[in-house]
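Below is one structure, written out as structure tokens, with a few remarks after it.
Read-outs throughout are calculated quantities, based only on the coordinates presented, and are distinct from any laboratory measurement. Every value quoted in this text rests on a predicted model; they were computed, and no experiment measured them. Glycine also receives a Cβ, built like all others from the backbone with ideal geometry; neighbour counts cover every protein chain displayed.
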Amino acid sequence: DGHLGRPREVIRVRDPVRDPALPSGSLPLNECSAHPRSPRTMSEFVTRRAVMAIGSAALAVVLLRKMMQARTRVSGGVGGRPLGPTETAVVKHSRFCRGSMRVALVLRLHGSHPLTVEALQSAVNALCIRHPVMRSVVTRTSGSTVHDETYALGPSASGNVVVQVGSQGGTWQDEWENLQHKPLALGGPLAQVVLVTPEKASLDGNHTVEIILAVEHAFCDGISIGHLGHELLLAVGASSIDDDGTVLGPPLLWSESMEDLAMETTGGWGPISILRRIWLVLQLIRMASGTPKVAMFPRADEGAGVSETTLCTTAQEHAELTNDETSAFIAACRNHGVTVTSAVGAVQLQTVADIITAQRSADSVVGDKMGIPLAVGTVWGAETRRWYKPSPLPQHHVAFHVGGIPAFSASFGGPTTILTEAGGTVDTMSTEYLWILAAAARRHLVRMTEASIPLAIALVVSSMYTATAVLGPRVMPFEEKARPPFTTSVSSWGLMPFLHTYGHADDLWTLDAVIPVVNMSYTPFPISLVTTAAGKLTVTLLAGTPAVSRLALRELRDGMLLRLRVMSLD
């Protein structure tokens with residue numbers, strides 16, 4: 001009698017590892033969640049259907065308008081290629097929300113001699129010739145406010161990106177704290193490179209340097225910035241730079257916008273293709289309406305608000321496996337038939353549930369004493385470039401091509417245990433349940449991808465970015481209207497192409513760490529950036545603070561690192 005509020009002691013589900021017939025993402029009965037379905041009253045049913053109908057009509061109108069904007073976009077513009085809808089929305093984030101969503105890589109190297117500014121500038125010059133994001137600027141074509149500004153890309157009048165030098169003996173954290181909050185300046189560079197020398201040479205003569213490569217997220221995603229950083233280090237390690245600067249390859253041109261390529265992939269402008277895209281959006285609404293309400297990640301102060309003078313910033317924690325631990329973890333994932341991304345998502349869900357349960361117990365929350373299971377959910381960012389037709393977009397083309405995967409959620413805590421088809425019971429906080437959850441998450445990801453959901457989200461995601469930019473930095477972290485329908489998020493930046501060493505025998509640089517960071521100052525939930533570079537798996541946790549508790553984020557890092565190491569031994 002779930003509708004009467006009495007908790008179930010045991011939930012019987014199929015084990016997705018042992019039973020391939022289990023639907024993707026269902027653990028046990030909901031196609032997007034790991035929750036038992038409760039009977040609905042007639043009023044709840046009617047209300048849900050009414051909301052779905054209204055939402056469907058509204059999103060259908062939005063989609064048609066966005067499609068027409070994308071259709072006319074390619075022929076207009078002043079001073080260069082006009083920006084696509086998502087590019088425009090993310091530019092507004094950076095301009096009006098203190099650099100929000102700016103993305104960066106921190107590259108830590110050591111070598112037998114110091115890296116000079118001149119050598120790094122030569123490498124950056126080669127990168128500018130190769131990639132348009134390094135030699136372009138954004139100009140305003142119309143409007144003057146966050147609501148009506150439009151933009152175009154054009155060539156930079158000031159030349160190449162100039163290397164900045166950090167404070168002597170400083171750290172990349174200090175430099176990034178200042179760099180991340182600078183709003184995008186119209187006519188200014190879209191990328192920045194900072195050289196940081198954290199310490200003097202060690203006794204054995206090694207010199208450690210850190211390079212911060214920061215790019216506006218509107219024109220760069222997690223996958224392409226990895227290739228950009230790799231090519232920068234190739235140029236640093238090159239014995240000489242060609243006169244024409246093409247040591248990295250021929251110059252590239254801007255790719256088409258994500259919306260244009262998604263439109264072409266989903267069938268162009270025929271009436272059947274338009275109806276298919278509207279159907280995809282309706283599926284998104286249906287899946288969102290079927291996802292249960294989930295718990296929020298702990299806030300620093302639930303009653304706090306952001307005043308005119310309060311400046312949010314990004315809290316960040318890093319969990320890194322060693323080379324041996326990474327190899328063991330990947331092997332364990334293969335043995336269990338799951339991907340690294342789905343396994344990290346399962347680890348994040350269980351760790352978050354553990355943190356929230358402990359906090360609620362400490363706060364004497366009545367619901368936990370009644371034994372009601374705790375629901376937590378996560379969403380995934382999903383790159384779209386590999387699914388474009390007639391041909392995929394190469395990963396080294398630096399641009400923003402990211403859709404998404406709808407939320408996957410699960411229940412933890414209470415007296416609930418999982419009874420598998422094999423007849424055994426599994427505690428929701430056990431390692432065995434992690435593998436079951438990872439398998440269900442993988443099926444969810446595969447099913448959503450095969451249904452072209454990432455492309456559908458790519459067509460409408462600009463509306464979400466625009467809405468949050470209009471809300472403004474003083475509202476996003478704290479107001480109820482900013483409450484997301486999920487607890488956490490996972491963004492996989494994949495296997496990055498970095499090498500262990502760069503250069504030659506007499507001029508050798510060893511790569512010690514690759515650290516991804518993003519300005520998430522106004523994000524009221526934690527985001528996990530999953531990367532594998534130089535043989536090491538790194539999970540970077542980011543969240544806006546003071547909205548999100550720094551202590552809770554640190555507990556999330558420690559709990560995830562412990563679970564990842566335990567899974568690597570399985």
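Proximity of backbone amide H atoms, modeled 1.01 Å from N, is registered between Gln164 and Val193, Val194, Leu195 at under 5 Å, excluding neighbours fewer than 5 places apart on the same chain.
Taking label positions 7 Å along the Cα-Cβ direction at both Asn178 and Lys293, the computed distance is 4.6 nm, reported to one decimal.
Charged side chains reduced to their Cβ positions (Lys and Arg at +1, Asp and Glu at -1) give the stretch 521-570 a dipole of some 100 debye around its Cα centre.
Going by average Cβ neighbours within 10 Å, how do the peptides 100-112, 494-506, 339-351, 175-187 rank, with the highest at the top? Intermediate values should be presented prior to the final figure.
Details: 100-112: 22.7, 494-506: 14.7, 339-351: 24.8, 175-187: 16.9.
Highest to lowest by the protection proxy: 339-351, 100-112, 175-187, 494-506.
Counting only Cβ charges, +1 for Lys and Arg and -1 for Asp and Glu, the dipole size of the stretch 156-228 around its Cα centre is about 200 debye.
Could you tell me whether the stretch 155-195 comes out rounded, prolate or oblate from its Cα gyration tensor? Rule is a ≥ b ≥ c as square roots of the eigenvalues, rounded for a/c under 1.5, then prolate if a/b exceeds b/c, otherwise oblate. Note, shape of the stretch 155-195 comes out oblate.
Listed values for the stretch 320-334 are Karplus-derived 3J(HN,Hα) couplings in whole Hz (6.51 cos²θ - 1.76 cosθ + 1.60, θ = phi - 60°), namely 10, 8, 6, 4, 5, 5, 5, 4, 5, 5, 5, 5, 5, 4, 5, and x replaces Gly and Pro. Computed from phi, the 3J(HN,Hα) profile of the stretch 490-495 under the Karplus parametrisation 6.51, -1.76, 1.60 (θ = phi - 60°) reads 10, 10, 8, 8, x, 7 Hz, with x in place of Gly and Pro.
Only Lys, Arg, Asp and Glu carry charge here, each on its Cβ (+1 for the first two, -1 for the last two); on that basis the stretch 484-570 has a dipole of about 380 debye about its Cα centre. Taking 7 Å steps out from each Cα toward its Cβ at Ser391 and Ala513 produces label points 4.0 nm apart.
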